[in-house]
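Contents: one structure, followed by commentary.
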Amino acid sequence: MTVAAAFDVEAFRREFPALLGKVAGKSLVYLDSACTALKPRCVADRLHAFYLNWGGCGGKRSTHLLSQQVEAWFQEARAEVAGYINAEKPGEIVFTGGTTDAVNLVASGFRFAPEKNEVVVTDLEHNSIVLPFKQAEAQGRVRLRFCPVTERGPDLSALEKIVSKKTALVAMARSSNVLGGSFPVHPVAKLARAHGAKLLLDDAQFLSSHREDVQASNADFVAFSAHKLGGPFGVGVLYGKEHLLNGLGHYRVGGGTVKDYSVGNGQDEVEPVYLDAPMRFEAGVQNFAGAAAFGDSLRFLKRQDPVALRGHIRELVGYAVRRLREVAEIAVLGAEETLREGSLVSFYPTQASFSAKDFNLFLNHELKDRFIAVRIGDHCAHLLHKRLKLDGTIRLSFFAYNTKSEIDLFMDALERYIHEACR
Ligand SMILES: Cc1ncc(COP(=O)(O)O)c(C=O)c1O
């Protein structure tokens, strides 16, 4: 029997300077990585070195040595991302501003037909999935359908009834930013295929502790953000199979997206000739530094044993769920066995005297020598909260740098707050 290697959390933590320093004289307990992950030293170093020593423009505009180097880094980062998610080739990776930008690209560019214009999302989706398709609906291009969810995730039997030959696209998160867990992708991909629909996966939360294999998942499009993986802000990815990317209409156009103009005899007979994907979507000067640093964050994550890392997160989530369930004044969303497949857990107060806002203030200001960062509110998933009839939730989310003792610190704080406010 082979025994899985333990994850070396202390070595991992040492790469995150924010965990080692103090903010306003206090140590940080960071349980908000679903919002954004802290950044490893290699990412900060790369951005610093780029702007300090390079700062040139890639994208084949200028061709001097500085630009050639920056462009080479940009394309290396593209190849790194492609390798990370097992895309067939780097050309399937479009750099975007983030998950939101990637989903907007699909919502604007997808060619819906009048008889095949339905987009199916689930009630748990982040606003960045729902709203771009809501806009497409307002433009009369789409009919948006909502699949119900339970506390454990999308209701797959309801999904089977909603997806039909009218469905053009199914768009859903592989992991919810409120309910946690991770959802089976194969039955959804199979269902979509059976009806000639495409599948767009939102991997913004999934990738922080799972590895995606886009070929095995059989998704047509996958969107994610660098900053949730320790990379910089303002960089994200739309993965798509090459022919599907080339079949999308334009979203933003501009410099870097055309190879030529065809010009007729009349003064106004001007037609742009666009480049193929991914360049046809990467309009304007790109975030060259951000993409290069994103590549570094993926290289850093790739050096970790994925099984050990997942095991570590699974243990953290399981431990947090068990401890939270012992507290009478709150209710945890979801079941331990499904939550353990994600990287977060959310709960809500069951007593009127427990104020999430006050609790947040307490975590920030009332603890000696430290503060604890969690997230309270709707987490950009307003619809889910509405459907579950909840005003908001309190979310603990983990990255590989978190430890059980940080959960203990949170639990001590929670029990103290309840003791002072509710009993
Ligand atoms: C599930 C999910 N999808 C999409 C997004 C949007 O990501 P971004 O704001 O990086 O575009 C988030 C961010 O919190 C998320 O949690």
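Derivation of every value follows stated rules applied to the coordinates shown; laboratory data play no part. Predicted model, so just to flag it, every value in this text is computed and none were measured. Every residue, glycine among them, receives a Cβ derived from its backbone with ideal geometry; neighbour counts consider all protein chains shown.
Taken over the chain, the percentage of Cα pairs per 20 Å bin, counting from 0 up to the bin with the maximum distance, is 25, 54, 19, 1, 0. Give the cross-link partners of LYS259 among the lysines, using a straight C-alpha distance below 18 Å as the criterion and excluding same-chain residues fewer than 8 apart. Hits, sequence-local ones excluded: LYS60. Counted over all Cα-Cα pairs of the range 54-157, pairs farther apart than 15 Å make up 73 percent. Net charge of the neighbourhood of GLU88, taken over other residues with C-beta under 10 Å away and scored Lys/Arg +1, Asp/Glu -1, is 0. Label positions at TYR261 and GLN69, each projected 7 Å from the Cα along the C-beta direction, are separated by 3.5 nm.
For a Förster distance of 45 Å, can you work out the FRET efficiency between the beta-carbons of ASN218 and ASP408, rounded to the nearest 0.05?
Values: r = 41 Å, r/R0 = 0.91.
Once the sixth-power term is evaluated, E becomes 0.65.
Give me the extension gain from ARG303 to ALA113: residue separation times 0.36 nm, minus the current Cα-Cα distance, reported in nm with one decimal. Before the final figure, lay out the partial values.
Working: separation 190, 0.36 × 190 = 68.40 nm, distance 4.47 nm.
Extending this stretch completely gives an extra 63.9 nm.
Its relative contact order, with pairs defined as Cα atoms under 8 Å and 6+ residues apart, puts the chain at 23 percent.
Simple spin-label estimate for ALA5 and ARG143 gives 5.4 nm between the two label positions (7 Å along the Cα-to-Cβ direction from each Cα).
Once the Cα-Cα distance is subtracted from the 0.36 nm per residue extended length, the ARG211 to ALA24 segment shows a gain of 63.7 nm. The Cα center of the range 70-106 and the Cα center of the range 212-287 differ in position by 10 Å. In terms of distances greater than 23 angstrom between alpha carbons, the cross-link table entries LYS89/LYS165; LYS228/LYS302; LYS165/LYS386 yield LYS89/LYS165; LYS165/LYS386. An oblate overall shape is assigned to the range 166-313, the ratio a/c of its alpha-carbon gyration tensor axes (a ≥ b ≥ c) being 1.5 or greater and a/b not exceeding b/c.
With only the Cα atoms considered, the range 218-282 has a convex hull volume of 100 Å³ per residue.
Order these by the 10 Å Cβ neighbour count, fewest first: GLU366, GLU326. Spell out each step's value before the answer.
Numbers: GLU366 14, GLU326 9.
Listed from fewest to most nearby Cβ atoms, that is GLU326, GLU366.
Under the simplified labelling scheme, the VAL273-LYS368 pair shows an inter-label distance of 7.4 nm, with each label point 7 Å from Cα along Cα→Cβ. With R₀ fixed at 30 Å, the C-beta to C-beta distance from LEU156 to THR350 puts the FRET efficiency at about 0.55.
Within a Cβ distance under 14 Å of HIS195, other residues only, what is the Lys/Arg minus Asp/Glu net charge?
Numbers: positive: LYS116, ARG145, LYS161, LYS165, LYS166, LYS190, ARG193, LYS198; negative: GLU115, GLU118, GLU160, ASP220.
Result for the local shell: +4.
Each of ILE93, SER297, LEU363 was placed along the dipole of the chain (beta-carbon charges, centred on the mean Cα), and the one lying farthest toward the positive end is LEU363.
If you take every residue apart from LEU238 with its C-beta less than 14 Å away from the C-beta of LEU238, what net charge results, scoring Lys and Arg +1 and Asp and Glu -1? Mind dumping the intermediate values first?
Numbers: positive: ARG78, LYS198, LYS241, ARG252, ARG280; negative: GLU92, ASP101, ASP202, ASP203, GLU212, ASP220, GLU242, GLU282.
Summing Lys and Arg as +1 and Asp and Glu as -1 gives -3.
Annotation: the antiparallel percentage among DSSP beta bridges lying fully within the chain is about 60.
Going from the residue with the fewest nearby Cβ atoms within 10 Å to the one with the most, VAL170, VAL321, VAL253 rank VAL253, VAL321, VAL170.
The slack in the chain from GLN135 to GLU420, taken as 0.36 nm per residue of separation less the alpha-carbon distance, amounts to 98.0 nm. Amide H contacts of ILE330: THR350, each under 5 Å away and 5 or more positions distant or on a separate chain (H built 1.01 Å from N in the peptide plane; Pro and chain starts excluded). Computed from backbone phi, the HN-Hα couplings of the range 56-62 come to x, 9, x, x, 6, 6, 8 Hz, rounded to whole numbers (Karplus: 6.51 cos²θ - 1.76 cosθ + 1.60, θ = phi - 60°; Gly and Pro given as x).
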